[in-house]
Amino acid sequence: MAAEEKDEGMLAEIEASAAGLEQRLTDIELKKMLGGENDSRPAILSVTSGAGGTESQDWTRMLYEMYTRWMTKRGFKYEVLDLQEGEEAGIKGVTLEVHGDFAYGYLKAENGVHRLVRISPFDANARRHTSFSSVHVYPELDDIELEIDEKDIKVDTFRAGGAGGQHINKTDSAVRMTHIPTGIVVACQNERSQHKNRASAMKLLTSRVYQHIKEEEEAKRDSKKASKLKIEWGSQIRSYVLQPYQMVKDVRTDYETSDAQGVLNGNLDGFINAYLLALDAENQEAP
């Protein structure tokens, strides 16, 4: 009727309503897929720079900002548990605790290595550089029953750094824990109290060791674990090209966009949705 009467105002309103309805249906469909054991839990997200010094550390900073922008857009709350500044620019690594509806269910799509290609702002000759950063996401499990022997844990304390003011560097309040049998390392320096940082680090370590054990058990049950979507930790999952052209592409799903700046500004839903849809389809095909 609006088209016949050429009511442009009503047509615009109908189109906006249809777009909103389509997005709601997509969200409902995706949440139906988030039925994994831990999908509804909070998430722990760690971003670590790869080899390459300042280049990779700056890329890690860019990824950190990309994720926090995405979290803000979704209304998720996050807390920085550990942040290690780079020597010249960027950051060596950062760990965040993320709270929101299905935080782990969505963010698990980001597990893996992220690759950046660009003209380096740190190269006087304006050459193209490739940088890598690893993203590790696991569920926060504060209600699990897992006993970790104290003799299997190495604890180091050090002076916290970062934007905490002068007081933050006066005592060895930061805590780093290493689980010797698995080599898993966690750190926490967001609190002024060493006791609180130790408790937070222990919670992180327990969650990561539990996840490690679970993944090993799943791998033993499924010798065909290395499918296209379930790429093992340490493998590249996404490429971000800023020069000589703009393109972000996920190697698992082939989902891509030329709006690289939009992605870096936190527009990640297309990649996450594509991963969840493909993972659901793969699971339905599995015997």
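Entry remark, the range 192-209: residues being surrounded by fewer than 18 Cβ atoms within 10 Å (Cβ to Cβ) and either at pLDDT below 85 or of a type in the set (Ser, Thr, Tyr) (or both) number 2 in total.
Look at (1) touching a Phe, Trp or Tyr at 6+ places or on another chain (Cβ under 7 Å); (2) at pLDDT below 95; (3) surrounded by fewer than 17 Cβ atoms within 10 Å (Cβ to Cβ) and you find that GLU150 fails only one, number (1).
Total residues in the range 81-101 satisfying the condition of being in a loop (DSSP other than H, G, I, E, B) and surrounded by 15 or more Cβ atoms within 10 Å (Cβ to Cβ): the figure is 3. Looking at TYR67, TYR78, TYR104, just one residue is assigned by TED's automatic domain parsing to the domain that holds ASP259, of a type in the set (Phe, Trp, Tyr), surrounded by fewer than 21 Cβ atoms within 10 Å (Cβ to Cβ) and at negative phi, and that residue is TYR78.
Which residue, of GLY164, GLY183, is modelled with pLDDT of 90 or more, surrounded by fewer than 19 Cβ atoms within 10 Å (Cβ to Cβ) and not assigned by TED's automatic domain parsing to the domain that holds ILE44? Selected residue: GLY183, the only one of GLY164, GLY183 that is modelled with pLDDT of 90 or more, surrounded by fewer than 19 Cβ atoms within 10 Å (Cβ to Cβ) and not assigned by TED's automatic domain parsing to the domain that holds ILE44. Of all residues in the range 240-287 being part of a helix (DSSP H, G or I) and polar (S, T, N, Q), which is surrounded by the most Cβ atoms within 10 Å (Cβ to Cβ)? The residue in question is ASN273. Checking ALA43, ALA51 one by one, the residue that is in contact (Cβ under 8 Å) with a residue 40 or more places away in the chain, touching a strand residue (DSSP E or B) at 6+ places or on another chain (Cβ under 8 Å), buried (at least 19 other Cβ atoms within 10 Å of the Cβ) and of a type in the set (A, V, I, L, M, F, W, C) is ALA43 and no other.
Residue count for the range 64-108, restricted to those that are closer than 20 Å to ILE237 by Cα, in contact (Cβ under 8 Å) with a residue 60 or more places away in the chain and in contact with an Asp or Glu (Cβ under 9 Å, 6 or more places away or on another chain): 8.
The set of residues in the range 107-130 that are surrounded by 14 or more Cβ atoms within 10 Å (Cβ to Cβ), in a strand (DSSP E or B) and at negative phi comprises VAL113, HIS114, ARG115, LEU116, VAL117, ARG118, HIS129, THR130.
The values are calculated or read from the model by the stated rules, or taken from the named source; none is laboratory data. Only a predicted model underlies this, so the values are computations on that prediction, with no experimental measurement involved. Here Cβ is always computed from backbone atoms with ideal geometry, including for glycine, and neighbour counts include all displayed protein chains.
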